[in-house]
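Structure first, then comments.
The values are calculated or read from the model by the stated rules, or taken from the named source; none is laboratory data. Quick caveat: nothing in here was measured; it's all calculated off a predicted structure. Using ideal geometry, Cβ is built from the backbone for each residue, glycine included, and neighbour counts are taken over all protein chains shown. Surface accessibility is based on the protein's heavy atoms, side chains included, excluding ligands, DNA and RNA. Shrake-Rupley method; radii C 1.70, N 1.55, O 1.52, S 1.80 Å.
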Amino acid sequence: MDVPGPVSRRTAAAAATMLLRTARVPYECWVLPTALLCTYGFFASLRPSEPFLTPYLLGPDKNLTERQVFNEIYPVWTYSYLLLLFPVFLATDYLRYKPVVLLQGLSLIVTWFMLLYAQGLLAVQFLEFFYGIATATEIAYYSYIYSVVDLSKYQKVTSYCRSATLVGFTVGSVLGQILVSVAGWSLFSLNVISLTCVSVAFAVAWFLPMPQKSLFFHHVHPTCQGVNGTKEPTRDRLLVLKVLWDDFLMCYSSRPLLCWSVWWALSTCGYFQVVNYTQGLWEQVLPSRHAAIYNGGVEAVSTLLGAVAVFAVGYIKISWSTWGEMTLSLFSLLIAAAVYVMDTAGNIWVCYASYVVFRIIYMLLITIATFQIAANLSMERYALVFGVNTFIALGLQTVLTLIVVDASGLGLEITTQFLIYAGYFALISVVFLANGAVTVMKKYRKQEDSDSSSQVTTS
């Protein structure tokens with residue numbers, strides 16, 4: 001489906017950590033459910049047609065206009081994702097993960113089946129709604145495994161599951177590019193392969209073990225075990241909500257955490273918009289009906305180089321408490337420059353290169369922000385903060401889409417949209433530059449006062 005797919009995996013992963021503290025089913029072997037879930041994630045992400053969605057919708061198969069695709073169809077995904085995120089989160093816990101994983105697989109099948117055979121504006125809008133269901137339900141994929149393995153295996157299974165989706169997306173992008181550029185396959189054929197892969201994923205999901213417990217609705221209170229373990233006191237549920245609210249207030253009262261969270265939400269909103277509509281910009285620069293396109297290769301390269309940048313984060317030595325906001329400002333400005341060049345260059349290869357730079361910088365910064373937020377938080381607070389940040393990012397994206405993109409709003413052309421997105425990131429840069437300057441001055445002033453005090457003491 002749409003480019004938002006890979007993007008939403010990362011955000012869904014952040015929100016999914018809200019379910020990390022689920023009680024474990026007493027399986028002695030963690031290998032089988034992990035292997036099944038990784039297999040599911042690989043095939044669900046193996047969609048070679050995804051980087052070529054916009055050319056497909058604008059081509060002879062669907063024969064839609066640019067205004068219909070960019071201003072009337074793509075916004076439906078944003079609205080449905082935001083609308084479904086919180087209800088799906090509750091349903092994931094209440095239904096104990098597996099049914100929601102199956103729902104995701106089914107939604108992907110419906111999405112790609114409709115991509116093959118649905119015709120007309122309204123039908124493709126419904127298609128986007130089903131894709132909204134598929135992306136919202138990714139939370140079940142990222143949280144299921146924590147309900148069936150022991151705490152000691154969390155780090156290992158998390159790396160396995162996320163790597164499976166990354167490898168699946170990369171292989172799908174490369175495969176799609178090879179089939180289009182070398183073998184000369186049609187975009188319709190790529191969608192057939194994608195439908196086959198998501199159908200395999202759906203079949204694999206049926207073999208996942210069914211968890212017996214979850215965090216909220218099926219959590220057995222220790223005092224109830226052996227007496228009436230299936231009934232949960234309402235008081236305990238209210239206590240959970242109170243604890244979450246208290247943690248929310250405590251977390252966001254921390255200025256450093258608030259700063260990183262604000263950047264996280266603001267930049268993720270802009271990132272979504274750029275990634276969602278990049279294919280449309282590329283179509284404006286070089287229409288696919290007039291020349292060969294390399295969308296799949298660009299997506300694969302940007303993902304791999306982004307992964308390298310993320311790996312390099314572990315070796316960066318800097319005082320983030322002092323220079324963190326200035327760093328965010330500088331790199332946000334670079335992101336703004338990349339988006340501006342992408343919009344104004346008029347050369348497809350410059351657009352491709354700018355997009356790769358854009359994604360690398362964002363992946364680098366979001367990893368740093370993730371680490372800085374999570375470093376001093378317990379697992380519950382980590383989950384809460386990332387869930388709230390994700391929801392705020394989606395809310396901002398919805399507002400931006402409604403005003404800038406949607407036909408009922410301004411309905412701007414794609415080049416004008418990207419000019420606004422470049423200005424959006426530039427504004428973020430200015431805000432954090434001012435904030436960072438204040439932080440640095442306070443830090444040095446405090447150090448000078450400390451040095452003066454120590455000199456007086458020595459005298």
Local net charge near Arg289, Cβ-Cβ under 15 Å (Lys/Arg +1, Asp/Glu -1) = -2
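Sorting Thr65, Thr367, Thr54 by accessible area (1.4 Å probe), largest first, what list results?
These residues rank, largest area first, as Thr65, Thr367, Thr54.
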